[in-house]
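Undergrad: First, the structure itself, so that you have it in front of you.
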Amino acid sequence: MSKKSDIKALTDEISRLMAALEDVNFECQRLEIINVNLDFQLKSISRELKQNIAMLETLEEENKKLKEQLGKK
């Protein structure tokens, strides 16, 4: 191969690699956005779950008190 064809092959390879790098960077940004959205959803669901657990614990206590009151009658 001549120097000219070697340079052309290397230039083409660099162009191909740069395009691939742009694709990877775009995909990385897309995945970061998805990750942020999933993190937000997870935190929201976690808060909701904690509220539901607290509500269930409150209801459980009320149920226990009502059973005790029924037992006394």
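Undergrad: Please compute, over every Cα-Cα pair in the chain, the percentage with a separation greater than 15 angstrom. Mind dumping the intermediate values first?
TA: On the way: 2014 of 2628 pairs.
The answer is 77 percent, as a whole percent.
Undergrad: Ordered by residue, what ³J(HN,Hα) values in Hz, to whole numbers, does the stretch 37-43 give under the Karplus form 6.51 cos²θ - 1.76 cosθ + 1.60, where θ = phi - 60° and Gly and Pro are x?
TA: 5, 5, 4, 4, 4, 4, 5
Undergrad: In whole percent, how big is the carbon plus sulfur part of the accessible area of the chain, probe 1.4 Å, protein atoms only?
TA: Values: 4480 of 7230 Å².
After summing per-atom areas, the C and S share lands at 62 percent.
Undergrad: Then there's this: Explain nothing, just compute: Karplus ³J(HN,Hα) = 6.51 cos²θ - 1.76 cosθ + 1.60, θ = phi - 60°, for every residue of the stretch 21-33 in order, whole Hz, x for Gly and Pro.
TA: Each residue of the stretch 21-33 in turn: 5, 4, 4, 5, 5, 4, 5, 4, 5, 4, 5, 5, 5 Hz.
Undergrad: Over the stretch 1-45, with the other protein chains present, what is the accessible area per residue in square angstrom, probe 1.4 angstrom? Provide the component values of the computation, followed by the final result.
TA: Numbers: 4280 Å² over 45 residues.
Normalised by residue count, the accessible surface of the stretch 1-45 is 95 Å².
Undergrad: Right, next: Which ³J(HN,Hα) values in Hz, rounded to whole numbers, follow from the phi angles of the stretch 7-13 under the Karplus curve 6.51 cos²θ - 1.76 cosθ + 1.60, where θ = phi - 60° and Gly and Pro get x?
TA: Along the stretch 7-13, the couplings run 5, 4, 5, 5, 5, 4, 5 Hz.
The values are calculated or read from the model by the stated rules, or taken from the named source; none is laboratory data. Note that the structure is a prediction, hence the values are computed from the model and not measured. The area values use the complete protein model at the heavy-atom level, side chains included, leaving out ligands, DNA and RNA. Shrake-Rupley method; radii C 1.70, N 1.55, O 1.52, S 1.80 Å.
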